[in-house]
Amino acid sequence: MLDAAEARPEDRVLLVRGGPELLCSALRHGCRSAVTVTVPPRHPEPADLVVAPAIVTRAEAEEVAESASRALGKGGRLVLMLRGAAVKTARRLRLHLHAHGFSRVRLSAGTDGAVLLLCRFGTR
């Protein structure tokens, strides 16, 4: 996921339900900082990249997107791995993401029917 998001050494990464493997991966990518949380924070610290690898419902995705819109500056990236009814959820989620200032929404196939969703904040 971090490769798809083009994680860079100057990135501050917020991992939502990311687990220790993803946290270690962010550090191996040389990211400036990485923090993992179990719930999307209402008042997050500034971040350049928000990653949520285990999204099952549209409500979870929207909660992460709202938190990410507060954390990310212009050009910041959001990456969601959608599981379950992923394609249907991803298509419906596009409108919500645009409403919260995200653009360049890209979808790609993941493993086991999952969908990887990548987008940028504050750019058109």
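The values are calculated or read from the model by the stated rules, or taken from the named source; none is laboratory data. This is a predicted model, so every value here is computed, not measured. Ideal geometry is used to build each Cβ from the backbone, glycine not excepted, and the neighbour counts take in all protein chains shown. Side chains are part of the model used for accessible areas, which takes the heavy atoms of the whole protein and leaves out ligands, DNA and RNA. Shrake-Rupley method; radii C 1.70, N 1.55, O 1.52, S 1.80 Å.
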Query raised in the report: Two-decimal Rg/Rh of the chain from alpha-carbon positions, Kirkwood Rh?
Result: 0.92
Report task. State whether region 12-55 is rounded, prolate or oblate according to the following rule on the C-alpha gyration tensor (a ≥ b ≥ c being the square roots of its eigenvalues): a/c under 1.5 gives rounded; otherwise a/b larger than b/c gives prolate, and the remaining case gives oblate. Result -> oblate
Requested in this report: Please work out, to two decimal places, the log10 of the ratio I(q)/I(0) at q = 0.18, 0.29 Å⁻¹ from a Debye calculation in which every Cα of region 62-112 carries one identical scatterer.
Outcome: -0.57, -1.31
Query raised in the report: Across region 96-112, in residue order, what do the Karplus-derived ³J(HN,Hα) couplings come to in whole Hz, using 6.51 cos²θ - 1.76 cosθ + 1.60 with θ = phi - 60° and x for Gly and Pro?
Result: 4, 5, 4, 5, 9, x, 8, 9, 6, 6, 10, 10, 9, 6, x, 8, 6
**Report entry** Unit charges on C-beta of K, R, D, E only; dipole of region 39-102, Debye
**Finding:** 320
Report task. Starting at the first residue of region 68-73, write each ³J(HN,Hα) from the Karplus equation 6.51 cos²θ - 1.76 cosθ + 1.60 with θ = phi - 60°, in whole Hz, x for Gly and Pro. Result -> 4, 5, 7, 8, 8, x
Query - Listed peptides 32-41, 51-60 by packing density, highest first (mean Cβ within 10 Å) - result: 51-60, 32-41
Query - Residue among GLU66, GLU45, GLU21 with the largest mean-square fluctuation in a Gaussian network model of the chain, springs linking Cα atoms under 10 Å - result: GLU21
Report summary line: To the nearest Å², the heavy-atom accessible area per residue of the chain with 1.4 Å probe amounts to 52
Report summary line: Expressed as a percent, the accessible surface of the chain that is carbon or sulfur, using a 1.4 Å probe and the full set of protein chains, is 54
Query - Over the chain, relative contact order from alpha-carbon pairs under 8 Å, at least 6 apart, % - result: 22
